[in-house]
Amino acid sequence: MLHLQSSQMLRMLQKSLAQSLPESLKVYGTIFHMNQGNLFNVKALVDKWPDYNTVIVCPQEQEMTDDLDHYSNNYQIFSKDPQSCQEVLGKSEIINWKQHLQIQSTQSSLDKVIQSLAAANLVKVKRAECLLYMWPKTAKKLVPSLLAAQNLGPASATPQVTNQEMFKFSSLEVTHAALVNKLWHFGGNERSQRFIERCIRNFPSLCLLGHEGTPVSWALMDHTGEMRMGGTVPEYQGLGLASYVIFTLSEALVEREFPVYSHTDKTNKAMQKANRKLDQVTMPCNWNQWNCMPL
């Protein structure tokens with residue numbers, strides 16, 4: 001595959017991927033942040049240029065030295081042609097199937113491709129498929145047709161918190177990573193905490209500090225531009241703090257012209273309700289993550 005290294009090519013790729021939204025969203029978001037400085041040191045690969053079918057974004061080789069760290073060994077894929085994608089990946093050594101790794105895409109159609117490739121390489125796969133949302137102002141800019149299709153009403157009022165004087169806005173600190181990791185659905189281990197620490201160091205975050213000066217609710221962005229790893233400590237849940245934090249951070253990111261999007265587990269009805277109150281736009285495609293482990 002071809003490695004796109006020039007800033008001109010990467011800007012062209014971002015512009016082209018915008019024409020395939022929302023199916024290209026996970027890759028689009030990663031390329032967007034590559035063009036903002038590439039703080040996670042990832043690379044963009046295409047099967048051909050400029051008329052590509054498949055785009056793969058993954059870390060540089062020196063970032064994937066721990067064979068057991070699927071948080072670092074991660075790939076984002078978008079393909080206009082899943083069949084050609086399977087052929088390209090089957091013939092190349094782009095994905096190191098000997099490592100524990102994860103693949104992310106907003107194309108459920110790639111499931112058969114990934115499952116087939118994994119089976120051929122004697123790899124066990126665990127798939128997570130979640131609902132995908134886009135912030136309304138981002139949707140208005142990038143996929144305005146979806147706003148019309150969903151027939152959204154007037155914008156809801158800004159979320160409010162009772163006893164607002166009890167809380168103070170702050171950015172997350174690296175020392176808060178253990179707390180974030182503890183409540184992250186995909187975390188809870190040493191390697192996930194290192195990933196969270198890296199995200200805190202490099203990307204915007206927001207939290208509400210309680211009276212003891214520790215975070216009680218937070219939201220954090222990862223290297224693909226997605227709002228992830230958000231949470232609220234149990235004793236403060238049900239107070240609307242998460243919506244307040246998400247709204248405030250999302251509006252700030254939109255002001256910086258960042259694309260804002262997120263995912264929610266299909267069983268998480270509380271967060272789905274919160275997304276509706278925030279007028280988040282439900283995407284017609286899903287968020288997918290395939291965790292792969294050699295047998």
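The values are calculated or read from the model by the stated rules, or taken from the named source; none is laboratory data. Worth saying up front: this structure is predicted, and the values here are computed from it rather than measured. Methodologically, a virtual Cβ is constructed for each residue, glycine included, from the backbone with ideal geometry; neighbour enumeration extends over all protein chains shown. Keep in mind that these areas ignore ligands, DNA and RNA; they rest on the heavy atoms of the full protein, side chains included. Shrake-Rupley method; radii C 1.70, N 1.55, O 1.52, S 1.80 Å.
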How big is the accessible area of LEU122 in square angstrom, nearest 10, if you roll a 1.4 angstrom probe over the protein chains?
120
Prolate/oblate/rounded call for segment 98-167, Cα gyration tensor, a/c under 1.5 rounded
oblate
Segment LYS266-LEU147, length gained on full extension (0.36 nm per residue, minus Cα span)
40.7 nm
Averaged per residue, what accessible area in Å² does the chain show with a 1.4 Å probe, protein chains only?
48
Using a Förster distance of 25 angstrom, determine the FRET efficiency expected from the C-beta separation of ASP51 and SER116, and round it to 0.05.
0.50
For the chain, just list the percent of Cα-Cα distances falling in each 10 Å bin from zero outward, please.
6, 28, 36, 22, 7, 1
With everything on Cα atoms, drop me the angle between helix 111-120 and the longest principal axis of the chain, reported from 0 to 90° to the nearest 10.
50
If you line up the long axis of helix 25-34 against the longest principal axis of the chain, both from Cα atoms, how many degrees apart are they, to the nearest 10?
90
Using 0.36 nm per residue of separation minus the Cα-Cα distance, give me the extension gain between GLU212 and ILE94 in nm, one decimal.
37.7 nm
Under the 0.36 nm per residue contour assumption, what length would be gained going from the current alpha-carbon distance of HIS185 and ASN291 to full extension?
36.8 nm
Expressed in nanometres to one decimal, the distance between label points 7 Å along Cα→Cβ at HIS3 and ASP66 is 2.4
Which of rounded, prolate, oblate describes segment 156-278, given a ≥ b ≥ c as roots of the alpha-carbon gyration tensor eigenvalues and a/c under 1.5 marking rounded, otherwise prolate only if a/b is larger than b/c?
rounded
Taking protein heavy atoms only, a 1.4 Å probe, and rounding to whole percent, the accessible area of the chain owed to carbon and sulfur comes out at 50
